[in-house]
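K.L.:
Here it is, the structure, as structure tokens.
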Amino acid sequence: MTRHLQMKSCAIIGCDGQDGKLLSEQLQAEGHHVVGIRRNTLNISDRNEVITFLSELNPQEVYYLAAFHHSSEDEIKIDDAELFNKSFAVHLHGLVHFLEGIKQSAPACRLLYAASSHVFGEPALSPQNENTPLQPRNVYAISKVAGMEACRYYRKNHGVYAASAILYNHESPYRKAKFVSQKIICGALSIKQGKQEELVLGNLDAAIDWGYAPDYVDAMRRCIRLKQADDFIVATGETHTVREFVEIVFDEVGLDWKKHVRTNPQLLTKSTMPLKGDATKLRLATGWRPTMDFVTMVKSLLHAQSGSLVFNSWISIFLSPVMELF
């Protein structure tokens, strides 16, 4: 994509997450004015507050990346009713406030909604494309489908530019530690450093369509700048197992993974049905292509994490005498 674009005002709802950070970097690199929205800067559940925000900023692009993630492994447990309420508050109600605000006070504004491959549930066919039936199997996915349908509704009935990017798994150094990719990487590095002896995972045979997150954020920017808004799958079209990920990481740090990794089926909280996306529609419409293959991505994630650990360790050693003085 060209880097010589007219400066725009862009709002990122959910700027603190992996995709929000990467998107902010890419938009700023293009020379755009970026406004990042966090939980404490704008109450997306307040319709009037959202409409006022859009009226005052009058952004050309809004990226709705806000998401509510919760799993059975989280320390704070909530029941299904609360999970539905919190999920719909973020994935639907807040989104609708932005769609309504764009309709009322910023009609030239374009919105990109970050959906998820989980909207397909356990599809009968692989790979999935934009015509694959939506069959969500968990609360997160159900609320994401609702968000997609809201975008379609405002697109069809009110002419709002509201596109949806159906994102498959994508990784970067910004990924939080609870995700399996970082769990494997941090576990291998800790074992290498003698801080732990083993890494426990749920299912080594789980197959995942894994991509490089900066590529997926690039796809979002391409989607929102097309002539017409639509739904687009963002995926590599290839699946790789957790075992492959483990083998690459442990081999790169010089360890035999079979001596340090064991499985515990009780850790499995989601379906292991493989999801693989067909991004042909996106490729034909925008020319998008992944820039990094699976092996290169895994190694880059490992080296980024390893470098971060070395840097933090060096800083701790350097600062510790000074800190002790105070």
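Since every read-out is calculated from the coordinates, none of them should be taken as a lab result. Please read these numbers as outputs of a predicted model, since none were measured by experiment. Note that each Cβ is placed from the backbone with ideal geometry, even for glycine, and that neighbours are counted across all protein chains shown.
K.L.:
Going by C-beta contacts inside 10 Å, put Arg110, Arg137 in order with the fewest on the left.
P.N.:
Arg137, Arg110
K.L.:
Moving on to the next point. Using a Gaussian network model of the chain whose springs link C-alpha atoms within less than 10 Å, name the residue from Pro265, Pro290, Pro127 with the highest mean-square fluctuation.
P.N.:
Pro265
K.L.:
Could you give each residue of the range 107-121 its phi-based ³J(HN,Hα) in whole Hz, using Karplus coefficients 6.51, -1.76, 1.60 with θ = phi - 60°, and x for Gly or Pro?
P.N.:
Whole-Hz 3J(HN,Hα) from phi for the range 107-121: x, 8, 6, 10, 10, 10, 9, 8, 9, 9, 4, 5, 5, 8, x.
K.L.:
Related question: Among Gly20, Gly237, Gly307, determine the one that fluctuates most according to a GNM of the chain built with springs between C-alpha atoms less than 10 Å apart.
P.N.:
Gly307
K.L.:
When the convex hull of the Cα atoms of the range 58-144 is projected onto a plane and the area is averaged over all directions, what value comes out in nm²?
P.N.:
On the way: hull surface 29.1 nm².
With every direction weighted equally, the projected area is 7.3 nm².
K.L.:
Amide H neighbours of Ser116 under 5 Å, counting only residues 5+ apart in sequence or on other chains, H built in-plane at 1.01 Å?
P.N.:
Excluding prolines and chain starts, which carry no amide H, the hits are Leu167.
K.L.:
Check every DSSP H run in the chain and write down those whose alpha carbon atoms cover 20 angstrom or more along the long axis and whose mean Kyte-Doolittle hydropathy is 0.5 or greater.
P.N.:
Qualifying helices: 294-325.
K.L.:
Got a sec? How would Phe98, Phe68, Phe294 order by Cβ neighbour count within 10 Å, fewest to most?
P.N.:
If I rank by nearby Cβ atoms, fewest first, I get Phe68, Phe294, Phe98.
K.L.:
Please give the calculated 222 nm ellipticity per residue for the chain, where each DSSP H segment of at least 4 residues contributes -39500 (n - 2.57) and the sum is spread over every residue; nearest 500 deg cm²/dmol?
P.N.:
Rounded to the nearest 500, it is -13500 deg cm²/dmol.
K.L.:
Comparing Ser45, Ser172, Ser181, which has the greatest mean-square fluctuation in the GNM of the chain with Cα pairs linked when under 10 Å apart?
P.N.:
Result: Ser45 has the largest fluctuation of those listed.
K.L.:
Hey, can you rank 245-256, 160-171 by average C-beta count inside 10 Å, highest first?
P.N.:
The most tightly packed comes first, giving 160-171, 245-256.
K.L.:
Need the C-alpha centroid separation for the range 1-67 versus the range 108-178, integer Å.
P.N.:
Centre-to-centre (Cα) distance: 19 Å.
K.L.:
Right, something else. Quote the charge dipole size of the range 1-134 about the Cα centre in Debye, to the nearest 20; the model charges only the Cβ of Lys and Arg (+1) and of Asp and Glu (-1).
P.N.:
Charge dipole, the range 1-134, about its Cα centre: 560 debye, nearest 20.
K.L.:
Strictly over 26 Å apart at the Cα level, which of Lys227/Lys299; Lys103/Lys178; Lys86/Lys176; Lys156/Lys276; Lys183/Lys259; Lys8/Lys176 would you flag in this model?
P.N.:
Too far apart for the 26 Å limit: Lys227/Lys299; Lys103/Lys178; Lys156/Lys276; Lys8/Lys176.
K.L.:
Right, next: Could you run the Karplus curve 6.51 cos²θ - 1.76 cosθ + 1.60 with θ = phi - 60° over the range 164-171 and give me ³J(HN,Hα) per residue in whole Hz, x for Gly and Pro?
P.N.:
Whole-Hz 3J(HN,Hα) from phi for the range 164-171: 10, 9, 8, 8, 8, 3, 9, 10.
K.L.:
Sort Thr241, Thr296, Thr236 so the one with the fewest other Cβ atoms within 10 Å of its own Cβ comes first.
P.N.:
Sorted ascending by nearby Cβ count, the order is Thr296, Thr241, Thr236.
K.L.:
Within the range 60-145, which GluC sites (Glu not before Pro) sit in a loop by DSSP and count at most 15 neighbouring Cβ atoms inside 10 Å?
P.N.:
Answer in residue order: Glu73, Glu75.
K.L.:
What is the set of long-range amide H partners of Ala11 at a cut-off below 5 Å, with H atoms built 1.01 Å from backbone N?
P.N.:
Amide H neighbours of Ala11: Val35, Glu61, Val62, Tyr63.
K.L.:
Let me ask you something else. I'd like the Kirkwood hydrodynamic radius of the chain, using the inverse of the mean 1/r over distinct C-alpha pairs, in Å.
P.N.:
When all Cα pairs of the chain are included, the Kirkwood radius is 21.1 Å.
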